[in-house]
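Participant: Would you mind keeping the following structure in view while I ask a few things?
Just so you know, all these numbers are worked out from the coordinates, no wet-lab data involved. Everything quoted here is computed from the prediction, not taken from an experiment. With ideal geometry, Cβ positions are generated from the backbone for all residues, glycine too; neighbour counts draw on all protein chains shown.
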Amino acid sequence: MPLYNIYHPVGAYTSSERAAFAKAIVDTYGTVIPRFYVGVLFHEIPKDDFYMGAVAKENFVRIRADHFARHQVGDNKDSGFGADQWMEKIEKAIAPFIRDRGFDWELHYGQTPRELWRVQGLKPPKANSEAERVWVKENRATPFED
Amino acid sequence: MPLYNIYHPVGAYTSSERAAFAKAIVDTYGTVIPRFYVGVLFHEIPKDDFYMGAVAKENFVRIRADHFARHQVGDNKDSGFGADQWMEKIEKAIAPFIRDRGFDWELHYGQTPRELWRVQGLKPPKANSEAERVWVKENRATPFED
Amino acid sequence: MPLYNIYHPVGAYTSSERAAFAKAIVDTYGTVIPRFYVGVLFHEIPKDDFYMGAVAKENFVRIRADHFARHQVGDNKDSGFGADQWMEKIEKAIAPFIRDRGFDWELHYGQTPRELWRVQGLKPPKANSEAERVWVKENRATPFED
């Protein structure tokens, strides 16, 4: 569903902390979507490449993500969970890696069209379909009957 | 509001030029939104990672930004300033860092849902609300009554 | 039209392979849009910055692109080619660089407003206009009568 780009200060996280951070994000989706849908990319940004309000930052974590397996806002809302609920859940999940370490942070999501998304060349199964439940269970993209 | 990702050639800008570039972008928003809403990330892209029209580029600045504190296009337009007006203003602001230095360039914005955006874990105040004016004035995210 | 960000493993592609990959993407658009509209940026992501389903990956190619010169989904659809058709074409084009080399992969597009897009400071000509055909032919942004 989602792709996260996490822009963070140089040396902010060790390798195992990044793995734990990614896991905390994935876990927040529970079993609603396959775990392998959730991508998390970390990008180390030096202080003088990282500006918030035109101030160079070395203690800021800026997260930009896309949602496409489920939408939470607008006409094609099919999430089963509202925007506010989701934002509360994800903020709770990431707090140990950001707020609790004294970083400042900001997070926003884009919503992109499900129709323009492919996994291993396959058009992913419809939300809440039997085929999607199989993908959740097997945690990989396998061919299916539509 | 916005998050800017600026992809530029290796060595295109000194550290202080990047700071000035970020400031020029932030200044363009005036006092409509809090200054700290405006994020600018610089990414140095080597020539052979940077293709426009399948041609490797070492003189191109490619900007991709998101708007979410205000929308300028579509149903949820609440900007108070039109798309054309904005694009003219921002082009003027960035010209000294791009056009006037002989770089080629391209710029586009996405619009992402305000509902899927948090700053320091807070749901930002509504556009043009009293609470938003306080954030503009104090230039930081503080708890507020809805 | 599009901007592609390709996140790939360290050393996945040589410089000339990246050039060929970019060309395969551009060629897929044919002569519908100017070739110079198509941007492709490659980003090498080390294994422990690259998580899919919370698993660190060194054999995964994750592509995130935006479409804005043409839309394929929703109200402002003006593509002349459907989402499914497009996804099939682009998957075919990128397969030699991903699937056929044994990489896993995922691809999604955002759609961003045409109104918030400028090339060399110019508002690009309307889809399928005479001026756009001139840009296709000359393969560069030149001033035009609206």
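Participant: Using only alpha carbons, build the gyration tensor for the protein assembly as shown and give me the equivalent ellipsoid semi-axes, biggest first, whole Å. Mind dumping the intermediate values first?
Facilitator: On the way: eigenvalues 165, 164, 98 Å².
After scaling each eigenvalue by five and taking roots: 29, 29, 22 Å.
Participant: How far apart, in nanometres, would the label points at C:Asn59 and B:Glu44 be if each is projected 7 angstrom from Cα along the Cα-to-Cβ direction?
Facilitator: Those two pseudo-labels are separated by 3.3 nm.
Participant: Run the reach check for A:Lys137 against aspartates and glutamates, Cα to Cα strictly under 16 Å, same-chain hits fewer than 8 apart removed. What comes back?
Facilitator: A:Asp27
Participant: Quote the relative contact order of chain B in percent (integer), defining contacts as alpha-carbon pairs under 8 Å separated by 6+ residues.
Facilitator: Working: 201 pairs, mean separation 42.6, N = 146.
Computed over chain B, the figure is 29 percent.
Participant: Would you work out which of C:Ala95, C:Val61, C:Thr28 lies farthest towards the positive end of the dipole of chain C? Charges go on Cβ: Lys and Arg +1, Asp and Glu -1.
Facilitator: Of the listed residues, the answer is C:Thr28.
Participant: Build a GNM of chain C with springs between Cα atoms under 10 Å: which of C:Ala20, C:Ala69, C:Ala93 gets the top mean-square fluctuation?
Facilitator: Taking springs between Cα atoms under 10 Å, the residue moving most is C:Ala20.
Participant: Suppose R0 equals 41 Å. What FRET efficiency, 1/(1 + (r/R0)^6) with r the Cβ-Cβ distance, do B:Glu138 and B:Glu88 give to the nearest 0.05? Before the final figure, lay out each step's value.
Facilitator: On the way: r = 30 Å, r/R0 = 0.74.
For R0 = 41 Å, the calculated efficiency reads 0.85.
Participant: If the label for B:Gly82 sits 7 angstrom from Cα along the Cα-to-Cβ line, what are its distances to the same label in every other copy, in nm to one decimal, shortest first?
Facilitator: Spacings between copies for this position, smallest first, are 3.6, 3.6 nm.
Participant: In nm to one decimal, list the spacings between the A:Glu44 label point and its equivalents in the other copies, with label points set 7 Å along Cα to Cβ, shortest first.
Facilitator: Copy-to-copy label distances at A:Glu44, shortest first: 1.4, 1.4 nm.
Participant: Tell me which aspartates and glutamates have Cα within less than 20 Å of A:Lys126's Cα, excluding those fewer than 8 residues away on the same chain?
Facilitator: Of all the aspartates and glutamates, those that pass the test against A:Lys126 - Cα under 20 Å, at least 8 places apart if same chain - are A:Asp66, A:Asp75, A:Asp78, A:Glu115, A:Glu138, A:Glu145, A:Asp146, C:Asp84, C:Glu88, C:Glu91, C:Glu106.
Participant: Something else: Using the Cα centre as the reference, give the magnitude of the dipole from point charges on the C-beta atoms of chain C (Lys, Arg: +1; Asp, Glu: -1; all else neutral), rounded to the nearest 20 debye. Before the final figure, lay out the partial values.
Facilitator: Values: 20 positive and 21 negative charges, 52 e Å.
That gives a dipole near 240 debye.
Participant: Quick one: grab the alpha carbon gyration tensor of the stretch A:1-47, order the square roots of its eigenvalues as a ≥ b ≥ c, and give me rounded if a/c is under 1.5, else prolate or oblate depending on whether a/b is larger than b/c. Working shown, then result.
Facilitator: Details: a/c = 3.59, a/b = 2.06, b/c = 1.75.
Prolate.
Participant: What does the copy distance list look like for B:Val134, label position 7 Å along Cα→Cβ, in nm and ordered from shortest?
Facilitator: Those label-point separations list as 5.5, 5.5 nm.
Participant: I would also like to ask the following. Net charge near C:Val40: determine it from the other residues with C-beta under 11 Å of the C-beta of C:Val40, scoring Lys and Arg +1 and Asp and Glu -1. Kindly include the intermediate steps, with their values, before the conclusion.
Facilitator: Details: positive: B:Lys57, B:Arg62, C:Arg18, C:Lys23; negative: B:Asp49.
So the surrounding residues net to +3.
Participant: Scan chain C for the residue whose Cβ is closest to the axis carrying it onto chain A, then write down that distance in whole angstrom.
Facilitator: Nearest to the symmetry axis by Cβ: C:Gly110, 3.
Participant: I've got another one for you. Treat every Asp and Glu Cβ in the protein assembly as shown as -1 and every Lys and Arg Cβ as +1, leave all other atoms uncharged, and give the resulting dipole magnitude about the Cα centre to the nearest 20 debye. Could the numbers behind the result be given before it?
Facilitator: Details: 60 positive and 63 negative charges, 52 e Å.
Roughly 240 debye for the protein assembly as shown.
Participant: So, one more: Against the 2.2 N^0.38 Å scaling, with N counting residues, where does the stretch B:1-117 land? I'd like the Cα-based Rg ratio to two decimal places. Display every interim value, and only then the final one.
Facilitator: Values: Rg = 14.7 Å, N = 117, 2.2 N^0.38 = 13.4 Å.
So the Cα radius of gyration is 1.09 times the expected 2.2 N^0.38 Å.
Participant: What pairs in B:Lys47/C:Lys23; B:Lys23/B:Lys92; B:Lys57/C:Lys123; B:Lys89/C:Lys23 have C-alpha atoms more than 24 Å from each other?
Facilitator: Numbers: B:Lys47/C:Lys23 15 Å; B:Lys23/B:Lys92 13 Å; B:Lys57/C:Lys123 22 Å; B:Lys89/C:Lys23 34 Å.
With Cα atoms farther than 24 Å apart: B:Lys89/C:Lys23.
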